[in-house]
Amino acid sequence: MRLSPFDPDISHWLHFMGRALYGVGDYAQAIDVARQIRRSYPNMRPAWRTLLAALGQTGQVEEAQAVMQEAIGRFGSDFNQPATLAAISAKELRQDDREHLLAGLRKAGLIR
């Protein structure tokens, strides 16, 4: 990313880095990366989910609730529907990774 900072795919590289950090349990760094993506590429829905799940894993429930409301305002009310979460997550994650992401969303009180 340093060699090509204006690469049109930089948002995807950042997203992959954020999900990798989340996957290894470095939630603080995952939050930092996801916040950066949210500021620079606000329409990248998966990064919002990573941010929400990492906030849940770190017990930042109130902030997760505020971010969820912002996401619903940006993407619509279907953003937090479990069926939508499952369908989107299933396309890009292995089953264990999907469950880990959903666990963070549950800890944030965003899904059951």
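All of the numbers you see were taken from the coordinates with simple rules; none came from a lab. All figures in this text were calculated on a predicted structure; none of them were measured in a lab.
Side notes on the structure shown:
- Across the alpha-carbon set of the chain, the Rg to Rh ratio works out to 0.95, Rh being the Kirkwood radius.
- Computed [θ] at 222 nm, deg cm²/dmol, the chain (DSSP H ≥ 4; -39,500 (n - 2.57); rounded to nearest 500): -23000 deg cm²/dmol
- Helix axis angle, 95-107 relative to the chain longest principal axis, alpha carbon, degrees: 60 degrees
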